[in-house]
Each structure stands twice: as C-alpha cells, then as structure tokens.
Amino acid sequence: MTEANGKKIGRRDLLARIGQAGATIAGCGLASYLLYDPTGPEARSETKDLATLPDFSVPRKAGQTISIVRGQDRIKTVDKAIELLGGIERFVKPGDVVAIKPNVAFASPPILGATANPQLVAEVVRLCYSGGKAKKVIVTDNPINDPTSCFTLSGVGKAASEAGADVVLPKPHLFQRTTLADGKLIRNWPIFFGPFEKADKLIGIAPVKHHHRAGASMSMKNWYGLLGGRRNIFHQDINTIIAELSMMVKPTLVILDGTEVMMTNGPTGGSVSDLRRANTLIASTDCVAADSYGCTLLGLAASDLAYLAQAEKAGAGTTDYESLKPAMATIS
Amino acid sequence: MSSVPAPARRLESAVSICLLAILILVAAGVLLKQADVDMSRFGMDPVAAGVVEAKPAPLTAQGEISLTALLPQGFKKLSESEFYDPENLYEKINGKAPLYTESGFQSLLTERFASTQDESLWMELFIYDMANLRNAFSVYSRQRRADVEILPDTQFAYRTGNGLYFVHGKYYIELVGSSESPELSVPMSQTAEQIRTELAIDKDEHIVELTFFPQEGLVAGGNRLYLASAFGFKDLTNIFTAGYKLRDWTITAFIGRRLDANDARKMAESYHRFLIENGGAAKPTTDESFKDWQGRVVDFYGTTEIVFAVGPFVAGIHEADDRQAAEQLAAVLAGKLAESAKAIRQ
C-alpha cells in the first residue's frame, strides 16, 4: 500500500493505524453508550430564587371545616355557608389583603357555567370588606384564554370591580418559579405568584364541572390557574398535577359552587343543556373534602377521581368529608 | 517509521488537536444545554414529536371562507378571529382538547359577533376542521346534548337553548350564544346557513354505516362514533352506536366495519374475551334465530352485552337492561347487516 505522496506504508505502520482508528471508533461508541439518556432531559434543577406560596390556611375548628348549603340563590347560600363555618371574621381580619382566585379560565358567558359565577364572586368580595374589614381585595386568575376577554365576557371582572375589588390580570413580571417539595411535576415551574406574594388570605371560588380529562373540575383543579408556562404538558398526568396543586396551595377557604353543575362536555361546556340545577353550595377549609362532596353532584364517588386519593395520601385533606361532620342548611 | 517530515507532522498534530478540542466543546455545549431544558417554555410539541401533522393555513388564509360574510344582519365583530392548531388547542378549550386531537383535529377558527343594539347579546362561532366527515361526526356525536331540538334540514344538526351545533362535511361547527334570547337564535340560523353556502366541502363523503341500523325503535339523532377505545376496549375502533327505545327499554346497538370477515370475527372474539376477563359471565342465547349468527351473550354486572360478526362487520348490543329485548334487537341487526354484507360483496 502507498500513501498519497507515493511512499510505501509498512505492515507495522498499517496495523498501527488500523489499531488507532479502531480505538477511536470504539472510544466514540463507548462514550455514546455512556452518555445515552433513554429517559430524556429532566426539568431545570437549579433552586435559586424560587418562590414559595405563603400558607394562607387558618386553624381548624371541629365541626367548622365544611358546610353544605342548599338553595337557589347563590348570595344567600354563600352567606349561610360562611356563617356556618364561623363567619367571615374567622377568615378575614381587619386590615387583611385578600386574594380571591375564581375560575375565570374561559372567555365564555356566565350562563354556560364554565367560569365562576360573577354575582357569587362579588358577594365574597363584599363579605371580605364588610364583615372582614379587609384593607384590599384582589380578584385574579391566569386564564386559559385571553385574560381580558375572560374577565370581560365571563362578567367576573365587572362584578368584582363594582364590589370594590382590584382585578389583577396576569403579566409576565407576576410569575416566578417554584418547586414543590416532594413534587414530581411542579419543579422549577413558573407560577402566577405576584398577586399572592403580599396577600394575607386566599379564597378560591370554583364551579362544579365535568372535565373530559380529569373527570371533574372543582376547587383543587381551580389552582391550575396559578400555573404558568406551557402547562398543557401536565394534562398527560392530570391526576398528579391536581394533587400537587392541592399540596402547593394552602388556601384560607374554598367555595365550591354546585348551584348549576356542568354535567357533560366539560370543562368548557358550550350549552345550557350541559347544566343541571343541583342548588348546592359548599364552603370548606379543606379542598379535598369539598371536592369529595362536590363530585357527588356529578354522580361520582370520591374513589372515581384518582387525584382525590393522591391528595389525601399527600396530606392535603380528607376524602371522608362525613368525618368532618359538615354543617348543613337549606335556604328556602 | 513515518516518511512525513517532522514539521508537517507537528502541523498535522496541531490541526487535529484543534479540531478535536472544537468537537469536545460542541459536545460539552450540547450536554449542558440539554441538561438545562426548560419544560415550561418548550413543553409538549405534538408537531415536533410527529404526533400530528404541521398546522395548515387558517381557513381564511386558504380563501375557503370569509368571516365577514358570515356576520348576521344587525351584528358586528366583537373580537378578532382566533386560530388554533393541535399544538395550542388547549389554550382555547383546555381539558376538552384531547377529545379533538385524538379524533383527527386539524385546526379551529373562532370569531365572536355581537348585536349592534345590545352588546350583551353575542355569539361565538367555532369552526373545527376535523380532516374528514367521520372525524367531524365523531366529535359532534360524542358531545351531542340530550333533549335537544333536532334540525331537520341538515343531516347532523341540533339546537339547544343558547346554541346551534352541526356537521358540515369535514367541519364540526358550534355557534354558542351568550344567552337564551330569541334575538340570538335567528342570527345563528342565518350564520349557519351562510356557512353551508360559503364553505366548500366534499359532497361525496357519506357515512354509510349509519344506514345499516334497523329503523324500528331508533332514537332520532342518537348515533355516536367512537374512533378508538369504544366501551373501554382499546382495540375496538371505529364503532358506531345507535340508541333504541324498545317497549320500556333503552338499548344501545353498535356496528363497526373491519377489513374483512376474518378480521371482524377476530374482533368479536377478542371483545368477548375482554368482557369475560373483566367480570362478565357467558350466557346461552335464548333467541333461536340469533344462534345463526354465532352471537355471544354476556351478563356484565347485571346488564347484557352481545357481540357477533356478520361479513366484515363486528356488531352487537351494549349495556342493555333487558336480555330478551337485547337479543331480539341483535337478531334484527344481524339480519340487516347480512343484507348489507351481501350487497357489499356484489
């Protein structure tokens, strides 16, 4: 064999070159094998500057963890439900800044029941000011659709403003990253943090809805609105993300509106025919208990929703709402 | 050993070392970057993952329809039109998106129209491009509400208190009103009519399976199409169902067309096996004529399931409360399918 310059290559030289080339190829193969990651990359792992939502919960009181009130008029039922838990004064102290997080996920009209009822939101704002002597009430959400359209077309923006609340729409600077301790999905993920950072209390307001992916959307799923980024990725593991949200958010109170329940085609619905009048409103300091009762309005048992068991196991609340001895009332 | 002069060898070595160093830097950069991926920014991209095809141009861009032409009399645009593809459909309908994306969804065009007299009266138009008639019918049928007004002038259409829903070729269309006001229902009908006129479709597309269901006792507008995982069995695909009201019983019949008779027989067997493995108990058939079709009857937690194969069709009865009524309907269905199978062979 000869080189390009015409000089002959000796057998030993040839073998040495073959050996070097072979070693290089083998080295590349070994390096590729060692570097191969069959599971793909994980989310960012740095932990600096992570935000943590404050714990907004209030001390528990036996027999005043969950109330269930039946009646058609949301204003009367929510007043009664909160009264049964000890009154708004138990939850809101004079001078408090209260953040209310209604479900305003969609730019749809109130009659569809896909978003929190505007009159109900307004009444809770009013209660915070009048009974609780709150300094400021913020109404906010990070909707799925365009935020301005959502707050306008759902009627929540106008109702909340007229009741004296500051309506806060999501802006990029209001998001910060968080990591949920022991969380599998919420790891270094942007959340809608700004409006809650300096709040003293947090109240969630959600309608009871069928949900095509999760089975039901209620008070725990309502916290999905706090997630930023490309949160649709979590639909692949919807039960875990809802359970983790219930671990991440420790609200003062949740109000679950089952006055009209979206029985089918949730979470957006699209027709009044999707709704059934159940005339029930639930208030609770325990999201898991509230949703465990709320799902019965959809004809489901708590055991039908995997996220409830996961949240209970993680210590976010109890699915055995009866053990909490719900305070019950009916408003004629 | 080597005949290359020493200076040249040193130059070769230096160049080689430089090239290797660059490659190592590139590899290190790739490693660092992939370890730092931010799922909240990039998340799931079905297009990149090859789950769906790249997004088509909006209907308006394709010149297929002018939204301005759809404005009903006395209405104005309330917002800009919005366009969604499989990647971002969740931004519009959130958890309902999989219902569409798993049924061949291509794109969604939406637009809101408000009354010029009263802005609180508005409607939102949704035009879902589902790629073909069957897909459009599937999402339409699976969301169809109970107790609705069936619209007689269109094959798949109904109206509820605040909305109008219909299939137009490969499009599934919703018109959702902000109230139940009659002042919205007439403009909705106008817009629907305009769509049927303006939006071109393949008029040769038909769903032939729907004609195979016996007519006696059939609940009007009660057909559904499950493209995948019908009745919880993942292999049972492209299954049409029909609701029947027979005496006091409500019964669901189903039909699915397979590749050939052999494929249909295998599917009937595997569905029967699925039912038994999940707690069903095989029962003898009591209807003599039904025995001709080698139908299998299963008691499934107090309800009756029947499955059989006729020609290229797998068919049966699902969750019937009364076994006798279920077997009678199954026998009629099998007879009808036998005629259809014969016609197909000819």
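Taking only the C-alpha atoms of region A:66-330, Rg followed by Dmax gives 16.5, 45 Å.
If you take all C-alpha pairs in region B:68-198, what percent of them are over 26 Å apart? Roughly 18 percent, once rounded to a whole number.
Its Cα centre serving as origin, chain A has a Cβ charge dipole (Lys and Arg +1, Asp and Glu -1) of approximately 740 debye. What would the Debye formula give as log10 I(q)/I(0) at q = 0.06, 0.11 Å⁻¹ for the alpha-carbon point model of the protein assembly as shown, no solvent? Relative scattering, expressed as log10 I(q)/I(0), comes to -0.45, -1.17. Using alpha carbons only, the radius of gyration of region B:208-345 set against its Kirkwood radius gives Rg/Rh = 0.92. The order of the peptides B:320-327, B:151-158, A:77-84, B:309-316 by mean Cβ neighbours within 10 Å, most packed first, is B:309-316, A:77-84, B:320-327, B:151-158.
Couplings 3J(HN,Hα) for region A:260-268, derived from phi with the Karplus relation 6.51 cos²θ - 1.76 cosθ + 1.60 (θ = phi - 60°), are 10, 9, 7, 7, 9, 6, x, x, 8 Hz, where x marks Gly and Pro. Here the label points at A:Thr52 and B:Ala228, each 7 Å from Cα along the C-beta direction, are separated by 4.1 nm in the simple model. Scanning residues 5 or more positions from B:Leu121 or on other chains, those with amide H under 5 Å from its amide H are B:Ser115, with H placed 1.01 Å from N in the peptide plane. Quick note on chain B: its Rg to Rh ratio, both from C-alpha atoms and Rh being the Kirkwood radius, is 1.18. For A:Lys76, a cut-off of 18 angstrom between C-alpha atoms picks up these aspartates and glutamates, skipping any fewer than 8 places away in its own chain: A:Glu89, A:Glu123, A:Asp257, A:Glu260. Remark: mean inter-chain Cβ contacts per residue of A:109-116 equal 3, using a 10 Å Cβ-Cβ cutoff to other protein chain atoms. Here the peptides B:189-201, A:192-204 are ranked by packing, the mean other Cβ count within 10 Å, and the order with the highest first is A:192-204, B:189-201.
Shielding of peptide B:174-183 by partners, expressed as the average count of other chain Cβ atoms within 10 Å per residue Cβ, is 3.
Based on the alpha-carbon gyration tensor of region A:84-241 and its eigenvalue square roots a ≥ b ≥ c, which shape applies: rounded if a/c is under 1.5, prolate if not and a/b is larger than b/c, or oblate? Cα axes put region A:84-241 in the prolate bin. By the combined test of axial Cα extent (at least 30 Å) and Kyte-Doolittle hydropathy (mean at least -1.0), the qualifying DSSP H helices of chain B come to B:6-35, B:323-345. Lys-Lys pairs in region B:208-345 that are eight or more residues apart or on separate chains and whose Cα atoms lie under 20 Å of each other come to 8. Descending by average beta-carbon neighbour count within 10 Å, the peptides B:254-261, A:134-141, B:111-118 line up as A:134-141, B:254-261, B:111-118, the highest first.
Across peptide B:86-94, the mean count of Cβ atoms from other chains lying within 10 Å of each residue's own Cβ comes to 6. Karplus-based coupling profile of region A:53-70, in residue order and whole Hz: 5, x, 7, 9, 5, 10, x, 6, 10, 4, x, 10, 9, 9, 10, 10, 10, 9, with θ = phi - 60° in 6.51 cos²θ - 1.76 cosθ + 1.60 and x standing for Gly or Pro. Counting neighbouring beta carbons within 10 Å and listing from fewest to most, the residues A:Met220, B:Met188, B:Met123 come out as B:Met188, B:Met123, A:Met220.
Amide hydrogen proximity for A:Gly71: with H placed 1.01 Å from N in the peptide plane, the residues at 5 or more positions away or on another chain lying under 5 Å are A:Thr280, A:Leu281, A:Ile331. Karplus-derived 3J(HN,Hα) values for region B:236-247, using 6.51 cos²θ - 1.76 cosθ + 1.60 with θ = phi - 60°, are 7, 10, 6, 9, 9, 10, 9, x, 10, 10, 10, 6 Hz; glycine and proline are entered as x.
Read-outs throughout are calculated quantities, based only on the coordinates presented, and are distinct from any laboratory measurement. Everything quoted here is computed from the prediction, not taken from an experiment. Cβ: placed from backbone, ideal geometry, glycine included. Neighbour counts: every protein chain shown.
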